[in-house]
Each structure stands twice: as C-alpha cells, then as structure tokens.
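What follows is a set of notes on a single structure, which appears directly below.
The values are calculated or read from the model by the stated rules, or taken from the named source; none is laboratory data. Source: prediction; values computed, not measured. Note that each Cβ is placed from the backbone with ideal geometry, even for glycine, and that neighbours are counted across all protein chains shown.
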Amino acid sequence: MIIKTLGLQNFRSWRAGHFRFSPQKTLLVGPNASGKTNLLEAIWVLAWQKSFRAKSWPQLIHWQADGAQIQAEVIAKTGPQRLGVSLWQKEGKLVKSYLVNGAPVKRRQFHHLAAVIFRPEDIRFVRGSPARRRRLFDRILAGTDWQYHRALARYQRALRQRNQLLLNNAPAGQFLFWEKELAIQAAILQKQRYRLVTFINHYWQTKAPTWLPKLRLRYQASVINLAQLQAQRLHDRQQGHTRFGPQRDDFALFDQEGDLALWASRGQQRLAVLGLKLALAAYLAEVNGEWPLILLDDIFSELDEDHQEYLRQFPWPGQTIWTATTAISDSWEKVVEIGARLEELGTRKKQKP
Ligand SMILES: Nc1ncnc2c1ncn2[C@@H]1O[C@H](COP(=O)(O)OP(=O)(O)O)[C@@H](O)[C@H]1O
Ligand SMILES: [Mg+2]
C-alpha cells in the first residue's frame, strides 16, 4: 500500500500542512522540532488509530485549537481511498471520527493502511520491560487477527475478575467461570504469539539482510491450564494476583553471543530492533498480501556509517518515509535520486506555494 498525500490541520505543531510522497523513498529533512516526527505520528494514527508517543489523544491537537484533522490519499489493496481522522474536544470529552471517502466508518472498519516504524527510542524493545514487548506483539497480532483481538479483550477481562476475587477472598465456587475463560483465551493468545515468533525466526534465518546480526527470538510463555489455576489459587490469594499466564509472557532477543538485553552495546541493540521491525513488516506483508509502509524516524543519528549505507542501499520492498535533520551526504543524495523526491519540505515557518 502507498500513501500518496497527507493533509494536516491543527495536528500537533502543524497548523496546516500538505505533503506528497514518492511511492518508493521519501526523505523528510528539517531541523529539530520542525515537526517531522509529528508528521509520521499522523500517518501512524491513520494506520493504527493510536499514537506511538502520546499518552492521551488531546496531546495530538494543536495547543491553540479544539480539534485536529488528518487526511490522506492512499492506494490500498482495495483501490484508491481517501482516509480521514478527526479529533474534537467537546465539553471536556474527546470525540474521534474515522472517514473513508468522506463517509464515517467504525474504527474496526478503518484498516486500509498498515505501517511499521523504526525510531531511536525503539531500543527499549530490547532493554525495556516485558510489557513493552508484549504490547508490540499484541498490536501486530490484534491488528491483523480479529480472533486474537477478541481473545485478548476476553482474557484481560477474566484476569481482572479473577484478581478481584483473589483480593476479595471470594468463595471457590466463584472462580471456576473465570478460570475456564482464562485457560481458553490463554491458549488462543499463546498459540498465535508462538506462530508470530516462529515466523520472525524463520524470516531471520532465510530472508534477513546479511548486514544484520544473526538474530533469534525466544518466546518464554507462562503457560496455564484450568487445573493449574485451581491448584495455584491459594498461593495467588497470598500474592493478590494471578501469577501465571500470558500477562507474564516474555520474548528475549538473542544473537550468536547471547541475550542482547544483557550484554549488547546500544548499536547492536539498535540493529536487533531494526531486524525485529523488518521481520514484523514481512509478517504484515504476508497476512495483508502487500507490504506495509515503513517509517524510519531519525535513524541515522545513532548508526555507524556502514550501517547507514546498508540501510540506504537496502532494496526496500515497500514505500519508505525517512526523516533526518542534517545536510544530506553525497551517497544519500544518490539514493534520493533513484526513488525519492521530497515534494514539499513544509516547516511551520516555510510553506511552499
Ligand atoms: N499539541 C501540540 N501543539 C503544538 N505544538 C506541538 C504539539 N505537540 C508537540 N508540539 C511541538 O512539536 C515540536 C516537535 O515536533 P517533532 O515532530 O517531534 O519535531 P522533529 O522535527 O524534531 O521530529 C515541538 O516544538 C513541540 O513543542
Ligand atoms: Mg523527531
């Protein structure tokens, strides 16, 4: 899928902006705080209906406005589409609406754009908490598989209920319903997580570019079944929560030398995350039947020159949008020439006619 144009009104720092993208590579260049990441964030909202950095929706609206709008022309599998997202503050509440070709649709019908992003902060997927890794994989799985989406919602609900019963010292009879539900939904979640991990490992073994380290993802599932849940009830009561299950799953990234979270340098961890994002893009390509949009935000800032060059030369299978702050080196300009064209370099100060 391809994003052709993007229009922004009062989205973050953008009072108004209109952009056109190359179907291959587009580089957005601008100084710090000129709104490059904000622009990628708007594309992200179109793809995933959430932000990759805002804690709440109102943060996405320009400080001096009551509402924000994002519009895009995309070429999806389903043909050309005009997508829109509007955010409005109304009586202290935030109202969102999703539009396809001008007509309002429900959020779950709004999936014409798939995207993967790679950002310097993403190193947290290696070093950060297990919850961060679970969220990443959950988003990919829930966004591509409605059964997973439903199982996740049901599991989380049952988990809240059982934890409440544990805290309330509820009688044994009240547990059975929720424990059955936990066991059923956990099996669905863990089967799909396992499938995704298998896909990623297979991708790394067979298709990953040679300049990436040899990577391996190990799925550490916290498996539960009904009998175990029942047997653990007493101990869980003492702890005040359910100690086993998908909410405790983790995923560890390895290269040939070991667990990357434990010993690898920042540069090595960054490459591992890049490898992970590439694998996730390949997964989306497989399930959607077309490559997702790949967003690369400010990635040159911390990669060594060799890897910057590998990345620029990499035959990206889909559309890519890059951001960078500084003057472009000769070798980069060459890449720009072969595919990318920055149609408009809008900053808040400067607008091209
Ligand atoms: N809701 C908002 N309204 C107005 N400006 C905002 C809003 N949110 C962020 N900004 C501004 O956007 C700028 C950061 O933009 P960003 O896209 O991160 O820049 P960069 O080009 O460095 O990626 C900051 O100056 C910040 O103050
Ligand atoms: Mg930025």
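Screening the candidates ARG154, ARG150, ARG135, ARG139 for the property of being basic (Lys, Arg) and either touching a strand residue (DSSP E or B) at 6+ places or on another chain (Cβ under 6 Å) or farther than 20 Å from ALA47 by Cα (or both) yields one hit, ARG154. Please go through the stretch 23-36 and pick out each residue that is near ligand 1 (Cβ under 10 Å from one of its atoms) and either out of contact with any Ser or Thr (no Cβ under 7 Å at 6 or more places or on another chain) or hydrophobic (A, V, I, L, M, F, W, C) (or both). Matches in the stretch 23-36: LEU28, VAL29, ALA33. For ARG266, are the conditions met, namely being loosely packed, with under 14 Cβ neighbours inside 10 Å and either within 16 Å of ligand 1 (Cβ to nearest atom) or closer than 25 Å to THR37 by Cβ (or both)? The answer is yes for ARG266.
Conditions (1) touching a His at 6+ places or on another chain (Cβ under 8 Å); (2) more than 8 Å from ligand 1 (Cβ to nearest atom); (3) outside the structural domain of ALA76 (by TED's automatic domain parsing); (4) under 18 Å from ASP298 (Cα atoms), marked per residue:
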residue	(1), (2), (3), (4)
THR5	yes, yes, no, no
GLN9	no, yes, no, no
ARG20	no, yes, no, no
LEU39	no, no, no, yes
LYS55	no, yes, no, no
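One residue is enough: does the stretch 80-95 have a residue meeting the conditions part of a loop (DSSP other than H, G, I, E, B), more than 16 Å from ligand 2 (Cβ to nearest atom) and over 29 Å from ARG133 (Cβ atoms)? Within the stretch 80-95, one or more residues are part of a loop (DSSP other than H, G, I, E, B), more than 16 Å from ligand 2 (Cβ to nearest atom) and over 29 Å from ARG133 (Cβ atoms). Taken over the stretch 240-263, the criterion of being without any contact (Cβ under 8 Å) to a residue 24 or more places away in the chain and either of a type outside the set (A, V, I, L, M) or touching a strand residue (DSSP E or B) at 6+ places or on another chain (Cβ under 7 Å) (or both) is satisfied by ARG243, PHE244, GLU257, GLY258, ASP259, TRP263. Within the stretch 30-51, residues that are in contact (Cβ under 8 Å) with a residue 12 or more places away in the chain sit with their Cβ atoms under 9 Å from residues that are part of a helix (DSSP H, G or I) and buried (at least 21 other Cβ atoms within 10 Å of the Cβ), at 6+ positions apart or across chains, in these pairs: GLY30/LYS36; ASN38/LEU60; GLU41/LEU60; ALA42/LEU60; VAL45/LEU60. Checking the conditions here, which among VAL126, VAL85 is among the aliphatic types (A, V, I, L, M), within 20 Å of the chain's Cα centre (by Cα) and within 30 Å of ASP259 (Cα to Cα)? On inspection, the qualifying residue turns out to be VAL126. On the stretch given as the stretch 107-157, residues that are polar (S, T, N, Q) and within 17 Å of GLN49 (Cα to Cα) total 2.
Using the structure shown, decide if ILE70 is within 27 Å of ARG135 (Cα to Cα) and away from ligand 2 (no atom under 16 Å from the Cβ). Criteria met by ILE70. Just one of the listed residues (GLN59, GLN64, GLN69) is part of a loop (DSSP other than H, G, I, E, B) and within 16 Å of ligand 1 (Cβ to nearest atom), and it is GLN64. Of all residues in the stretch 13-38, those that are crowded, with 21+ Cβ neighbours inside 10 Å, in a loop (DSSP other than H, G, I, E, B) and in contact with a helix residue (DSSP H, G or I) (Cβ under 6 Å, 6 or more places away or on another chain) total 0. Of everything in the stretch 46-62, what is touching a Ser or Thr at 6+ places or on another chain (Cβ under 9 Å) and either among the basic types (Lys, Arg) or away from ligand 2 (no atom under 16 Å from the Cβ) (or both)? Give them in sequence order. If the condition is that a residue be touching a Ser or Thr at 6+ places or on another chain (Cβ under 9 Å) and either among the basic types (Lys, Arg) or away from ligand 2 (no atom under 16 Å from the Cβ) (or both), then ARG53, TRP57, HIS62 are the ones that fit.
Checked against the criteria, ASP298 counts as surrounded by 14 or more Cβ atoms within 10 Å (Cβ to Cβ), within 19 Å of the chain's Cα centre (by Cα) and not assigned by TED's automatic domain parsing to the domain that holds ALA186.
Restricting the stretch 54-87 to residues that are among the charged types (D, E, K, R) and at pLDDT below 95 leaves a set whose member that is farthest from ARG124 (Cα to Cα) is LYS77.
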